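A short worksheet on the structure shown next.
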Amino acid sequence: MINKDLISIVEETSKRLNLNYQILNFGERSYPLYYGEEILSQIGELFQHHDIMGRILIVSHPQLRNLFGERVEKSLAQAGYVSEWVVFPIGEQYKNMTTLSQLYESCVKARINKSSAIIALGGGVVQDITNYLSATYMRGVPFVQIPTTLLSQADVGMGGCAIDHPAGKSLIGQFYQPRLVVMDSSVLNTLPETEVTNGIAEIINKVMCLGGAKTEEIEKDIHKIKLVDWQTLREYIKLSNIVKKNIIEEDETGLKGLRFILDWGHTITYALERVLDYSVSHGWALGIGMHGAAMLSYQLGYLGKNKVNLLEKTIESAGLPTKLPANIQADELIKYINFDQKVKDGKKRFILLRDFGDAFISEYVSDKQIINCLNFLI
Ligand SMILES: NC(=O)c1ccc[n+]([C@@H]2O[C@H](COP(=O)([O-])OP(=O)(O)OC[C@H]3O[C@@H](n4cnc5c(N)ncnc54)[C@H](O)[C@@H]3O)[C@@H](O)[C@H]2O)c1
């Protein structure tokens, strides 16, 4: 149950600072997501409302510090906080143990302790590694997420973290909840178009496919999202967060198996990313992965063809592909699908759709059926 004190703090804060919010229910570890514009300039006040005290360490990339540093620092200083920065270069290749080790050093130097707080200011890479850092440094220090990409606002800003290991992507992780998450639409203004498209892929995945919401409207709204229309963005980010919230509140660590539903569309996607040695963006691969999973759901008799067509059209409106590149063989993909984390006792498990908003886990999908579906995507 969510602590009553937290509910009143969040209600009071959102009223004073004119923000929208929702609270994720993890009992004593519940926390709010705040939505608004220009919240970066209100960070100091937000921290005061949430009784965050002591020194603040901000983890980010140099480019993002240049873009947003002044606003964050000023707001924290006005509220009486002492803050320090630690930055590391952009790129998935830095979401690893080497960067983590350097971040631990920075925590020591900055004298971070349980009365301090660590802020993650950045996209999914910064969110994941800083979440892991905060979970493990001194066995857990207060942690605040400020996701700055559409993908990280729609998805990463909640429900666990992972860093990469040479043996596999996102192999090492934790479930450690932040104190609060700040979703500021205005930071998305500077996002390159490819990153906006990446985020749209996850929004189609969550809002349309898993949530069964906006199934007809989303295609028309995509151009507003591409123009970074704050109101439209906020609506879709919030809807996307609600879909993930409903699943992870039910199955925080994935032990009940329900969390696998979030993998909808990702089985072919991950295999494709590996075959292409991560040379393509996640959103690009997800366009094909979602289309493939919908096609498989249709071929196995669960999903109507009209739904597959609608999804295909929506993915294409986002500027994403729905068919495999010519040089990819179905056999190659199957090899990596066999390593999927959902495989249990040698059996592949696939997330299928009966309808938008009605996903389920199937243990009865054969290699032949997957190959048949992949061949259709060529
Ligand atoms: N933990 C989870 O639940 C979860 C879920 C999905 C993805 N992920 C992880 O998230 C990562 C991908 O996240 P991502 O797509 O945000 O990538 P990212 O963090 O690499 O950011 C993408 C690029 O956008 C730039 N950027 C970020 N914010 C910006 C802004 N406001 N203006 C201009 N440029 C900006 C970054 O500097 C970077 O170059 C992957 O590592 C993936 O594994 C985690």
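With both labels modelled 7 Å from their Cα along Cα-to-Cβ, the GLU92 to TYR336 distance reads 0.8 nm. Taking every DSSP beta bridge that has both ends in the chain, the antiparallel portion is near 45%.
The residues VAL308, VAL144, when put in order of fewest to most other Cβ atoms within 10 Å, stand as VAL308, VAL144. Mean projected area of the Cα convex hull of the stretch 126-272, taken over all directions, amounts to 9.4 nm².
Can you give the local net charge around HIS266? Use residues other than it whose beta-carbon is closer than 15 angstrom to its beta-carbon, Lys and Arg +1, Asp and Glu -1. Write down the numbers at each step before the final one.
Numbers: positive: LYS169, LYS206, LYS244, ARG259, ARG274, LYS342, LYS348, ARG349; negative: ASP155, GLU202, ASP263, GLU273, ASP340.
That sum, taken over residues with Cβ under 15 Å, equals +3.
By the rule of a C-alpha distance below 17 Å, with chain neighbours fewer than 8 residues away ignored, the aspartates and glutamates paired with LYS109 are GLU84.
A protection proxy built from the mean count of other Cβ atoms within 10 Å ranks the segments 351-357, 205-211, most packed first, as 205-211, 351-357.
Which whole-number percent gives the relative contact order of the chain, counting Cα pairs below 8 Å spaced six or more residues apart? Result for the chain is 13 percent. Checked against a 21 Å cut-off, the cross-linked pairs LYS347/LYS368; LYS169/LYS214; LYS256/LYS347; LYS15/LYS206; LYS169/LYS335 give Cα-Cα distances beyond that limit for LYS169/LYS214; LYS15/LYS206.
Once the mean of 1/r is taken over each pair of separate Cα atoms and inverted, the stretch 253-313 shows a Kirkwood hydrodynamic radius of 12.5 Å. Sparse packing (at most 16 other Cβ atoms within 10 Å of the Cβ) combined with a DSSP loop state is found for none of the chymotrypsin sites (Phe, Trp or Tyr not before Pro) in the stretch 282-326.
Here the dipole of the chain is about 480 debye; that uses its Cα centre as origin and unit charges on the Cβ of Lys and Arg (positive) and Asp and Glu (negative).
Calculated mean residue ellipticity at 222 nm for the chain: -13500 deg cm²/dmol, from DSSP H runs with n ≥ 4 weighted as -39500 (n - 2.57), summed, divided by the residue count and rounded to 500. Taking only alpha carbon atoms, the stretch 258-376 gives an Rg to Rh ratio of 0.93, where Rh is the Kirkwood radius.
Pairwise Cα distances in the stretch 1-109 exceed 16 Å for 66 percent of all pairs.
Relative to one another, the C-alpha centroids of the stretch 243-283 and the stretch 161-233 are positioned 13 Å apart.
Computed from label points 7 Å out along Cα-Cβ, the spacing between ASN372 and VAL82 is 6.7 nm. Counted by Cβ distance under 12 Å from GLY44, the other residues give a net charge of 0, where Lys and Arg count +1 and Asp and Glu count -1. In a simple Cβ point-charge model (Lys, Arg +1; Asp, Glu -1; nothing else charged), the stretch 4-191 has a dipole of about 420 debye relative to its Cα centre.
Annotation note: GluC sites (Glu not before Pro) in the stretch 264-366 located in DSSP loop regions with a Cβ neighbour count of at most 14 within 10 Å are GLU363.
Note that the stretch 4-191, at 25 °C in a medium of 0.890 mPa s, gets a Stokes-Einstein diffusion coefficient of 150 µm²/s from its Kirkwood radius over C-alpha pairs.
Give me the base-10 log of I(q)/I(0) for the stretch 94-135 at each q in 0.22 Å⁻¹, Debye formula, one uniform scatterer per Cα, rounded to two decimals. Here log10 of I(q) over I(0) equals -0.71.
The Cβ shell under 14 Å around ARG179 holds other residues with a net charge of -1, Lys and Arg each +1, Asp and Glu each -1.
For the stretch 299-355, the alpha-carbon coordinates run over 37, 30, 17 Å along the three principal axes, in decreasing order. Normalised by the number of residues in the stretch 258-376, the mean separation of alpha-carbon contacts (under 8 Å, six or more apart) gives a relative contact order of 31 percent. Of the two radii for the chain, the radius of gyration is 0.97 times the Kirkwood radius, both from the alpha carbons; that is the Rg over Rh value. Between 0 and 90 degrees, the angle of helix 4-17 with respect to the longest Cα principal axis of the chain falls at about 80 degrees.
Going by neighbour counts of Cβ atoms within 10 Å, the residues ARG111, ARG139 line up, fewest first, as ARG139, ARG111.
Just so you know, all these numbers are worked out from the coordinates, no wet-lab data involved. On a predicted model such as this, the values are computed, not experimentally measured, just so you know. Cβ: placed from backbone, ideal geometry, glycine included. Neighbour counts: every protein chain shown.
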